[in-house]
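Written below as C-alpha cells is the structure these notes are about.
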There are 4 protein chains.
Amino acid sequence: MKKLQFGMVGGGNGAFIGNVHRRGATEDNMARLVAGCFTRNMDKNLVTAEAWDVDDLSRVYGNYKEMAEKESQREDCIDFVTIVTPTDSHYKIAKCFLEHGINVVCDKPISMTLEEGEELKKIVDEKKLEFGVTYTYASYAAIRQAREMIDHGEIGEIINIIAEYPQDWVIVSTVAENSDQAMWRLDPKRAGKTACCSDIGTHLEALISKMTGKKLERVLARFTHYKGSPLDHDIQILLDYEGGIPGMMWASQLASGSDCGVKIRIYGDKGSIEWRHTSPMELIYSPLNQPPRIITANRAYNYKACTELCRLPAGHPEGFYEAFGNIYKSYCSHLLAKYNGEKPVTLRHPTIEDGLAGMRFVDACVKSNEQGNIWIDV
Amino acid sequence: MKKLQFGMVGGGNGAFIGNVHRRGATEDNMARLVAGCFTRNMDKNLVTAEAWDVDDLSRVYGNYKEMAEKESQREDCIDFVTIVTPTDSHYKIAKCFLEHGINVVCDKPISMTLEEGEELKKIVDEKKLEFGVTYTYASYAAIRQAREMIDHGEIGEIINIIAEYPQDWVIVSTVAENSDQAMWRLDPKRAGKTACCSDIGTHLEALISKMTGKKLERVLARFTHYKGSPLDHDIQILLDYEGGIPGMMWASQLASGSDCGVKIRIYGDKGSIEWRHTSPMELIYSPLNQPPRIITANRAYNYKACTELCRLPAGHPEGFYEAFGNIYKSYCSHLLAKYNGEKPVTLRHPTIEDGLAGMRFVDACVKSNEQGNIWIDV
Amino acid sequence: MKKLQFGMVGGGNGAFIGNVHRRGATEDNMARLVAGCFTRNMDKNLVTAEAWDVDDLSRVYGNYKEMAEKESQREDCIDFVTIVTPTDSHYKIAKCFLEHGINVVCDKPISMTLEEGEELKKIVDEKKLEFGVTYTYASYAAIRQAREMIDHGEIGEIINIIAEYPQDWVIVSTVAENSDQAMWRLDPKRAGKTACCSDIGTHLEALISKMTGKKLERVLARFTHYKGSPLDHDIQILLDYEGGIPGMMWASQLASGSDCGVKIRIYGDKGSIEWRHTSPMELIYSPLNQPPRIITANRAYNYKACTELCRLPAGHPEGFYEAFGNIYKSYCSHLLAKYNGEKPVTLRHPTIEDGLAGMRFVDACVKSNEQGNIWIDV
Amino acid sequence: MKKLQFGMVGGGNGAFIGNVHRRGATEDNMARLVAGCFTRNMDKNLVTAEAWDVDDLSRVYGNYKEMAEKESQREDCIDFVTIVTPTDSHYKIAKCFLEHGINVVCDKPISMTLEEGEELKKIVDEKKLEFGVTYTYASYAAIRQAREMIDHGEIGEIINIIAEYPQDWVIVSTVAENSDQAMWRLDPKRAGKTACCSDIGTHLEALISKMTGKKLERVLARFTHYKGSPLDHDIQILLDYEGGIPGMMWASQLASGSDCGVKIRIYGDKGSIEWRHTSPMELIYSPLNQPPRIITANRAYNYKACTELCRLPAGHPEGFYEAFGNIYKSYCSHLLAKYNGEKPVTLRHPTIEDGLAGMRFVDACVKSNEQGNIWIDV
C-alpha cells in the first residue's frame, strides 16, 4: 500500500500537541512525516526533525511560506500539511498551503473570524483539496458507535441534547506558574474574541454534530468573565437543533477538580446514550424502561464502524492519541481513495464544513452574549 | 422529653408519600401520629389509622375541615398537621389549619399560585405559626455538610452553580401502565401551570438555596413540551444569583435511564463541591489544584451539623426516608424550643419563606418561557 | 389485618442497632413494639420505652428472665422477641424466650459456640417456634433480585464466587476515641473466638448463601491479627461450594477508606452478577459477551420478589433500615400465615438454619487457621 | 541526542502486540526500528517492514538466528531486540540474541520453565547485557506515583495487599469465533504449564512488586480448570510478603463482563492506595480517618517520577500504549546512560530479575496447587 507523506507546521516548540498530531498521523501506518517547519528557530527545528525521524533535512524549512513553495515544486511533494500553530496563524498558513495546491489538516478553530473561514472554504472548493480539522472528542471510537446506534434508531427520535465540558486549567493558573504554551490561549490578540467558547465550546458543538448528525439552528448564549479577564471562561448556552430539538451546553475553564470533563447525553424517545471523556472507551446506553448498559468500544458486539477504530483487544484502554489517530485514519483513507480513483470512503473526520460550522457557532454565541442573551440564528 | 403529637391529611390512598412523612416525622422519636384524615373514604381511612397505630379512632376524620375544627377544640390538639395531598388542595387545607391555629408541614409546592402562597405566608406571620415545607433533596445530611463547608470558606467565593434533575418517569409512562397516583401530576387542573418546573425544577431551586444560602435574582427559562403534552416536561434555565453568580439548571422527566438523578455542583474560587442523589451520603470536594476528595456524611471528620443528621455508623447507607427525617427533626426541635421558651434553634428545614421562594421561581420561569426566553426578575 | 406484637431485649443503651430493629420491625405496619427490657438500668429503660411508644409501662422489664416469664403468662403475650444485645448474651436470652414458648429474632452470630447454636436449633425444632436471624446484607431487595435471576438461569451454572467486606473501623479506632458500644467487639470474652470472622466474615457467608442458594462444603482460612490484637482483624478464605464451585472471601477491619464495602460477584457460565453495598439498590448484570447492565431494584423490569421489597418509586434510595425491614417483613408474614393456618410463605429471611450455618462456618475457619491454613469441612 | 536503534522478532503476523511494542519503543523519540524478523513468511515480513518504516530492507530477516548473527556483525548493530513471539519461543530467541551480545526486551513470561529463566539470567550477568521485560500494568504512571507515595510513608507500614485481575476472554471464546492469535494461549505446548497463572497472575505479581518494592516469600494457590480444559483459567492465591505482610490474589479468564479489570489495593497503617486498570490514570488514596482522594497521574501535585511519565496535560487520557512507552523510556534511558558512561539512572522498568521472579512465582503456585493447596516458598 502506498504510504502518504506529510509535513508539519508548528509543533516544535515543546508543545505536546505536535507530537499528538505526529503520532496520530502515523498511528495506522498510512502516512510518514517527511518535511516540516516545526519552529522558526532553525536549531530547534532540526532537533525536532531528528527526533521525529525526518531523514531528509533539506525538507526542514525556516518558514512556512518557503515550505509551501518548495514542497509544491517537488515531484514528491507532501500529500498534506498539518498545522499545529496557535490559532491566530491558522488562516494564513492554511491559505498559503491551499494556494500551493497542498491538502491541509488544521487544528481547531480554523481561523480567527468567520470570514477567514469562509475564504478557506472557497479555496478548498475551487482547488478540490481536502481539509481536515482535528476536533478530537468527536473522533473517539465510542462516539462512532453512538452515531451508528442513533442512525440505526436505537434511541428513537432525538428529543434532547445535553453537553458539558468543565475543566479547571484557567483557575488553576491563577495559583500556579504556567507555561507560555498555555498562556496564548488567554491573550485576545492570539486566541480571538473568545477563550472558553472557541477553545472548548466549539469542541462540544462539533461533538454534538458528529454524534447526532443534527444541524444547529440557533443559540442563546451567556458568557462569564472571571475577575476582570478580557475573555470568557464560562459559557452557558441554550441550543436549538433542526426539527425542534432543544439542547443545552455548559463549558467552563474555572471548574475546580474537572479533568477535561466532557460529558454528552443524547436523549431519544426510545432511549438515551451518554459518553464521558473520563472513560472514553465507554458509552452508557439506556433503552427506555430497561436497565442501562455499559458498552465498551473494543468489544465484538459493536458496529464495525466503531470496532475498526479500536486497535487493542477488549479491556485495553485507548486514549487521546488514538482519537487523533482516528481523524487521520479517515482523512488518509479518503485521500488514498481519491488518489487511486477508488470509490469515496465515508468521511468520518471533521472537514472544512465542520470547521466553518464551528466558526459560525462561535460567531452566533458572541452576538447572543453581546446583545443580552437573545436567540441568534447560526 | 415531651413528644409532639401530629396529624396527617392525605397519605391514605396507597400513595407511598404518606408513609414517608409518617416515618420521617417519627424517625427521631420526637413526634407521634395521633390523628388523621388519610382519605375521604372512611373505611380506608380507618385501615390506614390502624396500620399506623393511631389508637384513638375518634381522631380519624372524614374531612380536613372537621379535623381542623375538632382538633383545635381539644386540649390535646395536635401540635402540627402534615399535608400530603395532591398540589391543588395544599393551599386550602393549609389555610384551614393555620386559621385554626395549627402549625403545618406541607409538601411542595405549597400552592397553585404565587398569590395563594403569599396569603399563606401572611397568615403564618400574623398567627406566629410554624410552616415547614418538605423539600427533600435540600435536606440530606451531606447537603448540610456542604453548606457548612461553604460557610467556612472551603471553596472560597462562589462563582458558578450547575444543577440538574433528570428523571424518566413521564417518558416511561408512555410505554407503561401507570397508577392514578402519578398521573395527577400530568393534569394541568391538578398540577398547576407547569409539570416539570413546579414538580422537580423547584426542588433544584430549593436545593441550591439551602446548599449555598444565596438568593436567586432572575431567570431565563425555556420549557419543552413532549409530543403535544399540555405541560412542560423538560426545562432549561439560566440563573442569576446575588453578587453576579451565574447558574444553570436542567430538569427533565424524559431522560431515559435516569433515576431521580439530582446532581448539583457549586464552584468557588478555591474549590468545588458536588453532590449526586444516586450516592446521597457522598460529597465530592475538589480543593483548587488538589485531588478531589470523597466525603461520606457519617464519618467523624465532618461538621457536627452534618453528623448529627446521621443515624448509623460510617458505611451504612441512609436514604430518602432519612432526608425526610431531617426535615422533621429540625421542625420538631424548633417547635419544642418554642413551646419550652428555649433559645431558638437554627432553622435547617425549609419554611414558608422557602415555599414562597419556590412559587416565585416557578412564576418567573413561566413568564420567561412565555415571553420568548428573556430574563425575568424573581 | 392482625398486627403482631413484639418485645425487645437490649437496644436501650444508646446503641444505634436497637432503633434499626425497631424501625425494621415496624416498617411495613405488621408489628408493634409493646414490651421490652432495653437496658438493665430501669430509668433508661423507661426513657427508651417512652421514646419508642411502648404505652403500657408494666411491660417494661428489669431483666430478660422476668420479661420472658411474665410475657409468657399473658394472654396477649408478645408474638416474638427481638434480641439486640452483645454476642455473648445471645444464647442465654434466646434460650430463655424459646423455652417460654416465644418466637425469636436474634442478631448474628446467634451464639458464642457452635454447640450453643445447635442447642438453640434443637429447642426451636422441638417447640416448633420461629427463629429469625438478622443477616442484613443478605436481605437487600437487590440481593433478592439476584437470587431470582440466578434461579431463572440468567447467569447459567455458577462457576465462581468472589466476596469481600473491607471496613476500617478497627484501624480508625487506633487513632480515635471510640464508644464502648463498638469496643465490646474487640474483647474476646464478649465477642467470642474471633472478631473479623464472626462479625463480618459471617455476613459474607450468609450473603453468598442467600444470593446463590448454594451450600458451603469446606474452607481454607488464614487470619491476621493486627499489632498484637488478641483477635483477627483480617481474614482471607478459600471456599468450596457444593458441585465443585470455588470461592474466595476477604474481610478486613483494617482497610482505610472502606465504608462497609461489601462486594459480591457471582460468576456463571452465561453471565455474572455483582452487588456492592455502597450502591445497595443496584446490581451489575453482565450476560456473556454482552454489555453489562445496571439494574436498579425499584424498577418495574425486575422480578416481583424484588420489587415487593421496594417501598419507594424508582430513583429513591433505600438503605440499611429497609434491609432490616425486609427481614421482618418475611418473618412476620410467615408468622401471620402460621397463625392463620394459611399456606406457608416462601421463607426469605435468615432462620436458625442460617444462623447455625454461620456458626459452622466460623468454627471451620478457626480450625483451618489454627491448623496452618488447611482445608476443613464445614 | 543519539537515538537508539532496535530490531524486532515477531509482531508481523497481524498481532496487535507488535505494534504496541513499536509504538512504545518510539514513543519518546529515543529509539528507531531499523531491523526485524517480523514473521517467517518473507512476503508478510516485507509488508510489515514497509508499514513500520524500516528503510533498509536488507535488515529484514527470514529467521531470528540469521538476524542475530548478521546484526551482531554490523558496525551499526541494533542496540536491542524486542521479542514479541508466543511464549514457547521466548527462551531460545532471547538466548540467541544475548549470546550474540545484543540487549533484549522480551514479553512476559520470559520462558517456559524456571530453569530456562535462570539460564537467561546467567548469560545476561556474564555478558553484562540489559534485559527488559514488558510487565505492562506495573508500568503505568499512576503506579509510579503510588510507589513514590509508599516510599515516602504516605500509607505508613504496609499491612495488607489485595490484587485481582478478572477478564472474560476465555469464556467469551466458548461462544465466539476466535483468532489463532489468542488461541495459542490455550495450548499447553505453547503456553506452558499454566494459562491464567502465567498469563495474568504473573502480571499481578509484578504489579505488586513494582508498586510496593516488597519481596514475595511464599504462596498457597488453588487453580480451577474450566469444563475439562487442560489449563487453569481461574486462580485464587494467598500470599506472604516479607515482614509478615499477608496478601491475596485472584485472577480469572472466566469473569463475564470484566475488561482486563486489574485492581490492586495496598493497605498500610496510615492509609491505603487503590488502582484500577479501567481508570488507569487514577489512584484512590485514603489517608487514615480522612476522605479518600482521587489522584490523577498528570496533575502537577504528583511526584516528579510520576509526572515525567505523563505526556499530555491534565485531563487527557493516556492508556495501554503509553504504559509500554514507560517501559521503553526507562530501558532506553538506562542504555543510553550506560553507553555514554553517565551515572546510572534509577531502573524503573522490569528487568531479568523481575522476569525470573515471575517464573519463580508461577513455579511455586503450580507446586502449591498440585500438592493440595499448601504453602510453598518462592
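The values are calculated or read from the model by the stated rules, or taken from the named source; none is laboratory data. Just so you know, these numbers come straight off a predicted model, no measurement behind them. In this analysis, Cβ positions are derived from the backbone assuming ideal geometry, glycine residues included, and neighbour counts consider all displayed protein chains. Ligands, DNA and RNA are stripped out before the accessible areas are found, and what is left, the full protein with its side chains, is counted by its heavy atoms. Shrake-Rupley method; radii C 1.70, N 1.55, O 1.52, S 1.80 Å.
Taken residue by residue, region C:149-156 has at least one member that is in contact with a strand residue (DSSP E or B) (Cβ under 8 Å, 6 or more places away or on another chain), open to solvent by less than 10 Å² (accessible area, probe 1.4 Å) and within 14 Å of chain D (Cβ to nearest Cβ). Which is without any contact (Cβ under 8 Å) to a residue 60 or more places away in the chain, open to solvent by less than 30 Å² (accessible area, probe 1.4 Å), under 23 Å from C:Val133 (Cα atoms) and in a loop (DSSP other than H, G, I, E, B), of C:Gly36, C:Gly12? Going through C:Gly36, C:Gly12 in turn, just one is without any contact (Cβ under 8 Å) to a residue 60 or more places away in the chain, open to solvent by less than 30 Å² (accessible area, probe 1.4 Å), under 23 Å from C:Val133 (Cα atoms) and in a loop (DSSP other than H, G, I, E, B): C:Gly12. Counting only residues that are surrounded by fewer than 24 Cβ atoms within 10 Å (Cβ to Cβ), part of a strand (DSSP E or B) and of a type outside the set (Asp, Glu), region B:224-246 holds 5 of them. Just one of the numbered conditions (1) crowded, with 21+ Cβ neighbours inside 10 Å; (2) under 30 Å from A:Pro292 (Cβ atoms); (3) of a type in the set (S, T, N, Q) is not true of C:Gln290: (1). Does region D:325-378 hold any residues that are free of Cβ contacts under 8 Å to residues at least 40 places away in the same chain and within 14 Å of chain C (Cβ to nearest Cβ), and which are they? Listed by number, the residues that qualify are D:Gln371, D:Gly372.
Looking at this structure, is A:Arg22 part of a strand (DSSP E or B) and within 14 Å of chain D (Cβ to nearest Cβ)? Taking the combined requirement at face value, the residue does not satisfy it.
The set of residues from region B:289-306 being without any contact (Cβ under 8 Å) to a residue 24 or more places away in the chain and in a loop (DSSP other than H, G, I, E, B) comprises B:Asn289, B:Gln290, B:Pro291, B:Pro292, B:Arg299, B:Ala300, B:Tyr301.
Of all residues in region A:345-355, one or more are within 30 Å of B:Gly372 (Cα to Cα) and assigned to a helix (DSSP H, G or I). I'm told B:Asp269 meets every condition in (1) within 30 Å of B:Lys2 (Cα to Cα); (2) within 13 Å of another protein chain (Cβ to nearest Cβ); (3) open to solvent by 20 Å² or more (accessible area, probe 1.4 Å) except one. Can you identify the failing condition by its number? With (1) within 30 Å of B:Lys2 (Cα to Cα); (2) within 13 Å of another protein chain (Cβ to nearest Cβ); (3) open to solvent by 20 Å² or more (accessible area, probe 1.4 Å) applied to B:Asp269, the lone miss is (1). Any chance region A:52-62 includes a residue that's under 22 Å from A:Ala337 (Cα atoms) and either assigned to a loop (DSSP other than H, G, I, E, B) or in contact with a Phe, Trp or Tyr (Cβ under 9 Å, 6 or more places away or on another chain) (or both)? No, because not a single residue in region A:52-62 is under 22 Å from A:Ala337 (Cα atoms) and either assigned to a loop (DSSP other than H, G, I, E, B) or in contact with a Phe, Trp or Tyr (Cβ under 9 Å, 6 or more places away or on another chain) (or both). For region A:198-222, taking the residues that are within 12 Å of another protein chain (Cβ to nearest Cβ) and within 22 Å of the chain's Cα centre (by Cα), the one that is modelled with the lowest pLDDT is identified as A:Ile200. Is it the case that region C:2-14 has a residue that's at pLDDT below 95 and away from chain B (no Cβ under 14 Å)? The answer is yes, given that some residue of region C:2-14 is at pLDDT below 95 and away from chain B (no Cβ under 14 Å). Suppose we filter B:Leu204, B:Leu283 for residues that are open to solvent by less than 20 Å² (accessible area, probe 1.4 Å) and in a strand (DSSP E or B); which single one remains? Selected residue: B:Leu283, the only one of B:Leu204, B:Leu283 that is open to solvent by less than 20 Å² (accessible area, probe 1.4 Å) and in a strand (DSSP E or B). With respect to B:Gly261, determine if the residue is at pLDDT 95 or above, under 19 Å from B:His277 (Cβ atoms), under 21 Å from the mean Cα position of the chain (by Cα) and open to solvent by 10 Å² or more (accessible area, probe 1.4 Å). In short, yes.
Within region B:109-135, the set of residues being assigned to a loop (DSSP other than H, G, I, E, B), crowded, with 24+ Cβ neighbours inside 10 Å and not aromatic (Phe, Trp, Tyr) comprises B:Pro109, B:Ile110, B:Ser111, B:Thr134. Pairs meeting the criteria (first residue in region D:87-114 and closer than 17 Å to D:Asp187 by Cα and in contact (Cβ under 8 Å) with a residue 24 or more places away in the chain, second residue in a helix (DSSP H, G or I) and polar (S, T, N, Q), beta carbons under 7 Å, at least 6 apart or on different chains) are D:Lys108/D:Thr202; D:Pro109/D:Thr87; D:Pro109/D:Ser198; D:Pro109/D:Thr202; D:Met112/D:Thr87.
Can A:Val60 be described as free of Cβ contacts under 8 Å to residues at least 24 places away in the same chain and open to solvent by less than 20 Å² (accessible area, probe 1.4 Å)? No; evaluated as a whole, the condition is false for this residue. Can you pull out every residue in region B:91-108 that is part of a loop (DSSP other than H, G, I, E, B) and touching an Asp or Glu at 6+ places or on another chain (Cβ under 7 Å)? Correct list: B:His100, B:Ile102. In region A:274-301, the residue that is farthest from the chain's Cα centre (by Cα) out of those that are of a type outside the set (D, E, K, R) and more than 9 Å from every other protein chain (Cβ to nearest Cβ) is A:Ala297. Flag: B:Ala182 does not match the condition of being at pLDDT below 95, open to solvent by 10 Å² or more (accessible area, probe 1.4 Å) and within 14 Å of chain A (Cβ to nearest Cβ).
Residues in region D:235-254 that are facing chain C (nearest Cβ under 7 Å) and polar (S, T, N, Q): D:Gln236, D:Ser252. Condition first: outside any helix (DSSP H, G or I) and farther than 29 Å from B:Glu116 by Cβ. Can you find one or more residues in region B:329-340 that meet it? The answer is yes, given that some residue of region B:329-340 is outside any helix (DSSP H, G or I) and farther than 29 Å from B:Glu116 by Cβ. Just one of the numbered conditions (1) more than 10 Å from every other protein chain (Cβ to nearest Cβ); (2) modelled with pLDDT of 95 or more is not true of B:Arg32: (1).
For region D:78-94, taking the residues that are surrounded by fewer than 18 Cβ atoms within 10 Å (Cβ to Cβ) and out of contact with any Phe, Trp or Tyr (no Cβ under 6 Å at 6 or more places or on another chain), the one that is modelled with the lowest pLDDT is identified as D:Asp88.
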